[in-house]
Structure formats: structure tokens, C-alpha cells
Amino acid sequence: ILYQGQYREKASAQQKKQFQKDNQMIFQDPYSCLDPRMSIGSIIEEGMKVHFSMSSSQRQKRCQELLERVGLPREMVSRFPHELSGGEKKRLYLLGILQSNPNFLVLDECTNDLDIPTMTILEDYLSSFTGIVVTVSHDRYFLDNVADRIFEFSGDGTLTQYEGGYTDYAARKAAERE
């Protein structure tokens, strides 16, 4: 992987750490990323320790702010992953990715099983995101709301770019068939 002119495998420890902060991926199944032995607060703070230089009190305060940002109560810091609903786990996972403030996001069918409030949080975040987002999705509504360009991979190995969201893509495809 070539990142900012440097091959990842030849990068220094500091450069690798920056790469991890700058590049994040949201998977379909977030549950495997939540350590069942750690409290919610500890899970969130772990990312802060890696990516930011903050005191313990600053991390705790930021943790509570982030929980509220994704629609979860501040008191959740002392709970454990097994005590959360599926939607709450998705929000917690999303919070962990977004709090690192990446420059590049890969979203792999990230809207599967999201409830409406969580989907809204993700769409709001992406609408102001200034980095690069690559999304693999079959969710047409989501693509209409967040995509400004769609790439179509054909079976013959060709890649075609379409400007706009899913509705624009579908209209161009229909016009091509006529």
C-alpha cells in the first residue's frame, strides 16, 4: 500500500500509527470488534489513547460527548457490549470509527441493519466529511443521500464512472439501454 508517497510496509512506527488514524473501515458486522470484557467507556477511550494525546479526565469527558453525539446516554460508559441492543452496538462501533477523525473511509454495506436514527447520524457525518469515502452498498436511498459519484464494475473488468447519486446513475443506465 502506497500512502502519502510512502510504502506502508517500509513506514516507521509513527507513520503506521498515522496511517491507522487516517484510514478507517466500517464493516457489515461490528460485533466482533467489541471486546466483551471491556466497558463501553474503555472501548471508546482505547481509540483515544491511540490517536490523541489527552488526559484521563479529557478522555472521559470526550467519551460522554461522543456517546451523546450518536444518541446514546452518557451513563452507558459503565455498561458492557453484551448489555447493548444490536442498534446500540452499531452506534458504538460507528462512534469508534468517527472519533478517530479519519481522512479515508471504506464502508462495506455499512447500512445493513442500521436503525433510522443511526442511519441519520451516519449520513449527517458523511455530509460534512471532507475526506474520501469508498462505499460498497446496495442501499439506493443511502447512495442518493451521500454519493456524488458512482463507479460501476462490470463483469468484463471495466470500470465506469457516473456523476451523482443512485437516481442519477439509474437514469443514465436507462438512457444507455434505450
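The values are calculated or read from the model by the stated rules, or taken from the named source; none is laboratory data. Keep in mind that this is a model prediction, so the values were computed, not measured. FYI the Cβ positions are ideal-geometry reconstructions off the backbone, even for glycines, and counts take in every protein chain you see. Note: accessible area is taken over every heavy atom of the protein model, side chains too, but ligands, DNA and RNA are not part of it. Shrake-Rupley method; radii C 1.70, N 1.55, O 1.52, S 1.80 Å.
Electrostatic tally near Val133: other residues with Cβ closer than 11 Å to its Cβ, Lys and Arg +1, Asp and Glu -1, net 0. On a per residue basis, region 15-166 carries 55 Å² of accessible surface, using protein heavy atoms and a 1.4 Å probe.
Under the simplified labelling scheme, the Leu159-Asn101 pair shows an inter-label distance of 3.0 nm, with each label point 7 Å from Cα along Cα→Cβ. The structure-derived value of Cα Rg over 2.2 N^0.38 Å appears in the list (1) 1.41; (2) 1.56; (3) 1.17 under the label (3).
Taking the average, over residues, of other Cβ atoms within 10 Å as the packing measure, peptides 73-80, 52-59 rank 73-80, 52-59 from highest down.
Restricting attention to region 32-178, the count of lysine pairs at 8 or more positions apart or across chains with alpha carbons under 29 Å apart stands at 5. Protection proxy ranking for 139-145, 158-164, using the average of other Cβ atoms within 10 Å per residue and placing the highest first: 139-145, 158-164. Using a probe radius of 1.4 angstrom, the carbon and sulfur fraction of the accessible surface of region 81-177 is 51%.
Ordering of 64-70, 81-87 by packing is 64-70, 81-87, highest average first (other Cβ atoms within 10 Å, averaged per residue).
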